[in-house]
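See below for the structure under consideration.
The values are calculated or read from the model by the stated rules, or taken from the named source; none is laboratory data. Model, not experiment: these values are computed from the prediction. Cβ atoms come from the backbone with ideal geometry, glycine included; neighbour counts cover every protein chain shown.
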């Protein structure tokens, strides 16, 4: 099996009630790939500038992340600067410096073109067709998006949604896209527009999964230490897809398990700044958390 | 077994995005008792004015609610008028007319004084000792509270909390009482102050249960039709205690089940205005919902 993650590799400057970190490595593809690496050997397709630390590339490779699709270009790496309020579901972007990401068009190395799963993470929806026509076979296609595309390219976005198998959205986004406040109605209505599975991420409240003839609701792992929520959503998606890639099945049973793993890997992320929570956790830690989680929700 | 519910029986005027209802029957004790009546024969201790409809008393009695502790006094029944925003977790009180409830001191009929479970629902915490000294044996004691007592009688409230076995609070209240934003930390810290079980109700996001050596998290039943959230919290508490009364045990296993039933009865309430959702549901409907709920959360 194989999982290709197309998204950003970035520097993040992050301010949360727990403190501030400047220019630490982040990006949606980085989080998703590290999260997926608990289950499989994912590949990143992205671009960084010459300022990106080689040491971090070594770390990613050591975790089994394939970087043959990571282009190094002269110029600076994408940089995001955001601040979180005490309600960590609310964040404000202070600065977005696109840098080398500005005119980037993802080109998949030959070896990636028959991948089983492709994850389009926060991409300009107008770029989706450009990526997909590079594929030699139809993969299981997953995407997530950001408020910016909903507001600025709504038509391209809706077209993109119709074509994917798995869509990740957060509660705010699903309401914006569907103009429906009730999350159950909003999720169902989005599912009716095409995707086989809709995952509505609700931050500290967990996630709702809408599949064929089922709704699955997963609570967030009770966490008494929320340090930095950056990348939690990307990690949810990465772990979800990484798990599906590893088991090679796409049925209700595995989709539920994938969502639980997504949820639990996201809970590792928020316990520290940036990638630290993911990097210090072992697969054994995750298995332990999975076992404990049953005790949290079973009755 | 026996369950005594001391709280308000009221008229509510309710405005939600789904419509407006004037002076329909409500009150914390009414909701809690009807919710408990799915499992046991609860008793209400409260007061109403002569304007309270006898037809509703018949309805309550038909559901097995014991009204021997409901005093009818000359004057008007307590009246609350509130409006909900689209985010139904947010409500604004427009009017509170205490009427006959203003100087009410609950007196328990002789037969109720050896009850197994007593629920003090939104009572002035300074009245708790007055009620408790009427009891001939120590019951399992449960309470919930409202923002008003947290802000106006914080010391009496903290003292009351130390003395109960089961405390119901919502997310806003637990943060106010503990001055801790993180709900897991807040719930744990409140548990350390005395109660055996803390239930943090999170509205559309379900509830967190903090018990001896366990945390249980229950998601709200996915609901695509939220009409009126009034009484959902009271019904959660009523069903929780009604279930415990019916099974006669107070261990982890039964506490988890009680929370699931609390959650599911609350989900019946919000699907219609006022008491209508509770009144039209049968025990069979609830069992059906319980079975379906496993499919919503098990993996």
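Return the residues of the range A:45-58 that are farther than 19 Å from residue A:119 by Cβ and in contact with a helix residue (DSSP H, G or I) (Cβ under 7 Å, 6 or more places away or on another chain); say none if nothing qualifies. Before you say what the answer is, go through the steps one by one.
In the first step, residues of the range A:45-58 are kept if they are farther than 19 Å from residue A:119 by Cβ; the result is A:49-58.
Within the range A:45-58, just A:49 meets the criteria.
Among the candidates A:249, A:257, single out the residue that is in a helix (DSSP H, G or I) and without any contact (Cβ under 8 Å) to a residue 40 or more places away in the chain. Give the steps one after another, and end with the answer.
Working: A:249 fails: in a helix (DSSP H, G or I).
After applying the criteria, what remains is A:257.
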Quick check: anything in the range A:86-100 in contact with a helix residue (DSSP H, G or I) (Cβ under 7 Å, 6 or more places away or on another chain), buried (at least 17 other Cβ atoms within 10 Å of the Cβ) and more than 24 Å from residue A:160 (Cα to Cα)? yes
Which of the residues belonging to the range B:277-299 are touching a helix residue (DSSP H, G or I) at 6+ places or on another chain (Cβ under 9 Å) and away from chain A (no Cβ under 14 Å)? B:277, B:278, B:279, B:280, B:281, B:285, B:286
Qualifying helices (runs of 4 or more DSSP H) (wholly inside the range A:151-231; at least 1 residues being more than 22 Å from residue A:120 (Cα to Cα) and touching a strand residue (DSSP E or B) at 6+ places or on another chain (Cβ under 8 Å)): A:183-191
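Condition check: under 30 Å from residue B:271 (Cβ atoms), away from chain A (no Cβ under 14 Å), surrounded by 23 or more Cβ atoms within 10 Å (Cβ to Cβ) and modelled with pLDDT of 95 or more. Does residue B:208 satisfy that? Before the answer, list the steps.
On the way: under 30 Å from residue B:271 (Cβ atoms): yes; away from chain A (no Cβ under 14 Å): no; surrounded by 23 or more Cβ atoms within 10 Å (Cβ to Cβ): yes; modelled with pLDDT of 95 or more: yes.
No, not satisfied.
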Within the range A:39-51, which residues are over 14 Å from the mean Cα position of the chain (by Cα) and part of a loop (DSSP other than H, G, I, E, B)? A:39, A:40, A:41, A:50, A:51
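Can you find, within the range B:215-230, the residue that is farthest from the chain's Cα centre (by Cα) among those that are more than 7 Å from every other protein chain (Cβ to nearest Cβ) and either within 15 Å of residue B:264 (Cβ to Cβ) or surrounded by fewer than 23 Cβ atoms within 10 Å (Cβ to Cβ) (or both)? Walk me through it before giving the result.
In the first step, residues of the range B:215-230 are kept if they are more than 7 Å from every other protein chain (Cβ to nearest Cβ); the result is B:218, B:220-221, B:225, B:227-230.
Now restrict to residues that are either within 15 Å of residue B:264 (Cβ to Cβ) or surrounded by fewer than 23 Cβ atoms within 10 Å (Cβ to Cβ) (or both): B:218, B:220-221, B:225, B:227, B:229.
Details: B:218: 17, B:220: 16, B:221: 18, B:225: 22, B:227: 19, B:229: 13 Å.
Top of the filtered list is B:225.
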Which listed residue, of A:26, A:49, is touching a residue at least 40 places away in the same chain (Cβ under 8 Å) and farther than 24 Å from residue A:242 by Cα: A:49
Any chance you could count how many residues in the range B:1-27 are under 20 Å from residue B:139 (Cα atoms) and buried (at least 24 other Cβ atoms within 10 Å of the Cβ)? 5
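Report the residue count in the range B:60-95 for those that are within 14 Å of chain A (Cβ to nearest Cβ), part of a loop (DSSP other than H, G, I, E, B) and within 19 Å of the chain's Cα centre (by Cα). Show your work before the answer.
Narrowing the range B:60-95 to residues within 14 Å of chain A (Cβ to nearest Cβ): B:84-90.
Now narrow it down to the ones that are part of a loop (DSSP other than H, G, I, E, B): B:85-90.
Add one more test, that the residue is within 19 Å of the chain's Cα centre (by Cα), and what stays is B:88-90.
Residues that pass the stated criteria total 3.
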Selection count where residues are within 14 Å of chain B (Cβ to nearest Cβ), surrounded by fewer than 23 Cβ atoms within 10 Å (Cβ to Cβ) and farther than 14 Å from residue A:39 by Cα, scope the range A:238-266: 4
Considering only the range B:109-158, state which residues are surrounded by fewer than 18 Cβ atoms within 10 Å (Cβ to Cβ) and in contact with a helix residue (DSSP H, G or I) (Cβ under 7 Å, 6 or more places away or on another chain). B:116, B:126, B:147, B:153, B:156
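Take residue B:38 and decide whether it is modelled with pLDDT of 95 or more and under 25 Å from residue B:290 (Cβ atoms). Reasoning before the result, please.
Details: modelled with pLDDT of 95 or more: yes; under 25 Å from residue B:290 (Cβ atoms): yes.
Yes: the conditions hold for residue B:38.
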